[in-house]
Amino acid sequence: MCYFHLCAEDWRWQWRAFLTSGASGVYMLAYSAVYYVKRLRVDNVPSAFLYFGWSVATSLLFVIATGFVGYISCLYFVRKIFSSIKVD
């Protein structure tokens, strides 16, 4: 994805790299909601609030972790590409 953003002359590639790889945390949060509806049998409100609170916290940490890895790998890729350009 990073290469395609650079080819399109997108100067905001940093945020795109972070959000593209961090989108897996949104999937994780959606899956936890589906799991709550389909599989869990929680009857009281505090337990549901606790479940969704931890699900949001875990998903947010997952977004930050995978976004960081995506950003660092894209930064390494960009530096490697631009270091190989020969300017006469």
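The values are calculated or read from the model by the stated rules, or taken from the named source; none is laboratory data. The model shown is predicted, which means the values in this text are computed figures rather than measured ones. Cβ: placed from backbone, ideal geometry, glycine included. Neighbour counts: every protein chain shown. Just the protein is used for accessible areas: all its heavy atoms, side chains included, with ligands, DNA and RNA removed. Shrake-Rupley method; radii C 1.70, N 1.55, O 1.52, S 1.80 Å.
Annotations
- Heavy-atom accessible surface of segment 14-88: percent carbon and sulfur, 1.4 Å: 72 percent
- Between ARG12 and ALA65, the modelled labels are 2.8 nm apart [label points 7 Å from Cα along Cα→Cβ].
- The residues of segment 1-65 expose, per residue, 80 Å² of accessible area to a 1.4 Å probe.
- Length gained on full extension, PHE77 to LEU40, computed as 0.36 nm times the residue gap minus the Cα-Cα distance: 9.0 nm.
- Taking the chain and dividing mean pair separation by its residue count, relative contact order in percent (alpha carbons under 8 Å, at least six apart): 45 percent
- Shape call, the chain: gyration tensor on alpha carbons, a/c limit 1.5: prolate
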